[in-house]
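Comments concern the structure below.
The values are calculated or read from the model by the stated rules, or taken from the named source; none is laboratory data. This structure is a prediction, so every number in the text was calculated from the model and none was measured. In this analysis, Cβ positions are derived from the backbone assuming ideal geometry, glycine residues included, and neighbour counts consider all displayed protein chains.
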Amino acid sequence: MPSHLFLPAPRRPASRPYSRWPQPEWVATGRDSRMAYRLVGLADGEPWLALHGGPGGSSQPDALHAFRLTRQQVILPDQRGAGLSRPRGRTAGNHTDQLVADLEVLRLELGLECWSILAGSWGTVLALRYAQIHPQRVNRLVLRGAFGLSRAEIRGLLHPDARREWRVAQSPHWPRAGLSSFPNVLARLEQVLQVGTPSVAGLRLIRCWNLLEQGAALRGMRRSLLEVATLKDAPLAVAVRRGWTQLQRGRRRAQAGLNRPGVFKADRRGWQKFRIQAHYLRHKGFLRPGELNRAVRSLADNAIPSDWVHGRFDAICPLENSRQWVRQTEALTPLTPGLACGHSPVAGHLASEPGIRAALAGIVQNRRGA
């Protein structure tokens, strides 16, 4: 297994603040594109690449809770066109293998021989593809809420259950189509969001899509809340209830602002995020059918350890995604038990949920295979 080796990087500081959320740095990734990234933790510590979800999301300070910053170095990039990377929202030339190439540019910029990867949701797709193409650069993977790019998952993101998402379902701004025609919904979303600036119709779509995401996250959290009530774990119940309340509060604000006139910061961020998300979902992540299974086989072939953390009540990415890939690895590596490990805490999809957060911290801070 590759050790934590470093190439000379003389322009990097010998130390930096452990936990402060720093200002971004930038690396040119070609064709006038610049990737924003942040470095946090011990400068010569164990290197970890943290990949955000989306597609179109951005790195967040919450990701740092999984790490021991007095011992580990965390690299948090914003993927091409997302977050603070520029040009913002660009879809031309934006595809999964290009994101992989961008990560290689970043690795070389930092002078790292290899790194471990923590990824969540859509980020798990990118992590698996990166490890498939560059297995010699990956020490281990920790994958949260693995996204399988299936028709059922994509359809579930786009078509609200009217009983739960009634305000979105009744909105005249959300594309109308039957469940079997979600590609038409994606085509319409991409068409509206590809204009250079958010239009009035685009703003309504952005706000509707945000409500759909919040609603799916709340469904998982609600089931977790019911489950912890039966476990007699008072601290966990309090923490889950607090997260539920915060998300509910944010959802009510989003509902109240669904038809609010004007363009706000959240709308601009949403335009950037969902513009890229529509682009990737419409093209099924720019991967061939079965490519994720082949990527998992590559992990087995190269003996790359993987931990799959998946909330048992995840309403966005089904738990079976992670379970099937753990089983696949076990079948491929009968002489290497434990190469892939599954973890299913009482939680939904969000990395901020207490069960997910505790599981990630316990796994990431364990020097597995060292």
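Summary table below
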quantity: Unique residue being within 23 Å of the chain's Cα centre (by Cα), closer than 24 Å to H52 by Cβ, of a type outside the set (A, V, I, L, M, F, W, C) and not assigned by TED's automatic domain parsing to the domain that holds D62 when the list is R269, R223; calculated: R269
quantity: All positions within segment 40-62 that are touching a Leu at 6+ places or on another chain (Cβ under 8 Å), surrounded by fewer than 24 Cβ atoms within 10 Å (Cβ to Cβ) and either aliphatic (A, V, I, L, M) or not assigned by TED's automatic domain parsing to the domain that holds G120 (or both); calculated: L42
quantity: Matching residues in segment 226-249 - criterion: being within 22 Å of the chain's Cα centre (by Cα), surrounded by 13 or more Cβ atoms within 10 Å (Cβ to Cβ) and of a type outside the set (A, V, I, L, M, F, W, C); calculated: G243, Q248
quantity: The lone exception for Q246 - which of (1) modelled with pLDDT of 90 or more; (2) over 14 Å from L350 (Cα atoms) it fails; calculated: (2)
quantity: First in segment 185-209 and at positive phi and not assigned by TED's automatic domain parsing to the domain that holds L158, second anywhere and loosely packed, with under 15 Cβ neighbours inside 10 Å and at pLDDT below 85, Cβ under 8 Å, 6 or more apart; calculated: none
quantity: Selection count, segment 251-283, where residues are surrounded by 15 or more Cβ atoms within 10 Å (Cβ to Cβ) and among the basic types (K, R); calculated: 6
quantity: Condition met for R222 (over 30 Å from P354 (Cβ atoms) and out of contact with any helix residue (DSSP H, G or I) (no Cβ under 6 Å at 6 or more places or on another chain)); calculated: no
quantity: Scope segment 79-93; condition buried (at least 23 other Cβ atoms within 10 Å of the Cβ) and either of a type in the set (G, A, S) or touching a Pro at 6+ places or on another chain (Cβ under 9 Å) (or both); matching residues; calculated: Q79, G81, A82, G83, S85, G89
quantity: Some residue of segment 314-333 being among the charged types (D, E, K, R), under 22 Å from R222 (Cα atoms), out of contact with any His (no Cβ under 8 Å at 6 or more places or on another chain) and not in a loop (DSSP other than H, G, I, E, B); calculated: yes
quantity: One residue from R288, R312 being surrounded by fewer than 17 Cβ atoms within 10 Å (Cβ to Cβ), over 15 Å from the mean Cα position of the chain (by Cα) and without any contact (Cβ under 8 Å) to a residue 24 or more places away in the chain; calculated: R288
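Residues are listed down the side, and each one gets a yes or a no for (1) under 18 Å from L128 (Cα atoms); (2) of a type in the set (A, V, I, L, M, F, W, C); (3) at pLDDT below 95:
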residue	(1), (2), (3)
L258	no, yes, yes
A266	no, yes, yes
E291	yes, no, no
D314	no, no, no
A358	no, yes, no
G362	no, no, no
A370	no, yes, yes
